[in-house]
Structure formats: C-alpha cells, structure tokens
Amino acid sequence: MTVKEIEELRVAAKIVGGAVHPETKEIIAVPMRMSGFVSFSVPLIALMLFTPKQTPAFNACLQFINQTYMAGINHGNANASTHSSPTDFAWGYCSAVISSVGISYATRWYWAP
C-alpha cells in the first residue's frame, strides 16, 4: 500500500468510527452522534440562557426538548452488552425532565429581577 492509500484508510476509519456503534455495528443517527452534540445542543442552551422574559411554559418546553435530546444521545451511544429495561429508561427520563424543569424554575425565581 502506498502512503496515500494508508492515509485514506485512516480517514475512512475515523469517519466510520464516529458514525457506527462499536458494539452493534448500526449507524448512529447524525444528531445522536457525539460529534453532533455541540452543533445540536449549543443553540438550544443559548435559547435557555439568553432569551429575555421567558414564560414558565417556554422554559419547561426548552428543558423538555433538551432532556429528550440528551436521552436520545444516551440511547444511541449506549453500551450494548448492558441491557436496561424500558421502565428504567422511562424512570430516568422522567426524573431528568422533572428535575431540570424544577431547577430552572427555582433558579429563575431566585435570581430573576
């Protein structure tokens, strides 16, 4: 193999390594890949932090969307050899949504002008 072919194989391996789950060998959806985390979550977090005069419903909706996205990332990149039940996943998801909404309300109430 030539040096150019070796370099092309390395680039291809990096692309496949970021797009394919290492245990299941299934393709991970683009938003759920770790390489897409920043590009998909930064706009959402910027909305949460910098939107003036947020209503409680708006804030709860953003927290719900954020936790749903995080749950999708966790599900898409989960360890395939450790199986968790849908009940465990639902409890974790509901707990994350409820706590994030509660914390956001509490901090807005405490620090709001």
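Here are some notes:
- Listed by chain and number, the aspartates and glutamates placed with their C-alpha closer than 19 angstrom to that of Lys14 are Glu5, Glu23, Glu26; residues fewer than eight positions away on the same chain are left out.
- Taking θ as phi - 60° and the Karplus parameters 6.51, -1.76 and 1.60, the scalar couplings of region 58-66 work out to 4, 5, 5, 5, 5, 5, 4, 5, 4 Hz in sequence order, x denoting glycine and proline.
- As a length-normalised measure over Cα pairs under 8 Å and 6 or more apart, the relative contact order of the chain settles at 26 percent.
- Candidates per GluC sites (Glu not before Pro) in region 1-99, loop by DSSP, up to 15 other Cβ within 10 Å: Glu23, Glu26
- Inter-label distance for Ser85 and Ser39, nm, one decimal - labels placed 7 Å from Cα along Cα-to-Cβ: 3.9 nm
- The phi torsions of region 26-31, fed into the Karplus equation with coefficients 6.51, -1.76 and 1.60 and a -60° offset, translate into couplings of 8, 6, 8, 4, 4, x Hz, rounded to whole numbers, with Gly and Pro shown as x.
- Under Karplus coefficients 6.51, -1.76 and 1.60, residue-wise ³J(HN,Hα) of region 70-87 in Hz, glycine/proline x: 5, 5, x, 4, 4, 5, x, 10, 5, 5, 6, 7, 9, 8, 10, 6, x, 5
- Under 5 Å between amide hydrogens, built in the peptide plane, is the criterion, and for Ile28 it picks out Val20, His21 among residues at least 5 positions away or on other chains.
Taken together, the values in this text are just the output of simple stated rules run on the coordinates, not laboratory data. In this text the structure is predicted, and so the values were computed from the model without any measurement. Here the Cβ is made from the backbone with ideal geometry for all residues, glycine too, and neighbour counts use every protein chain on show.
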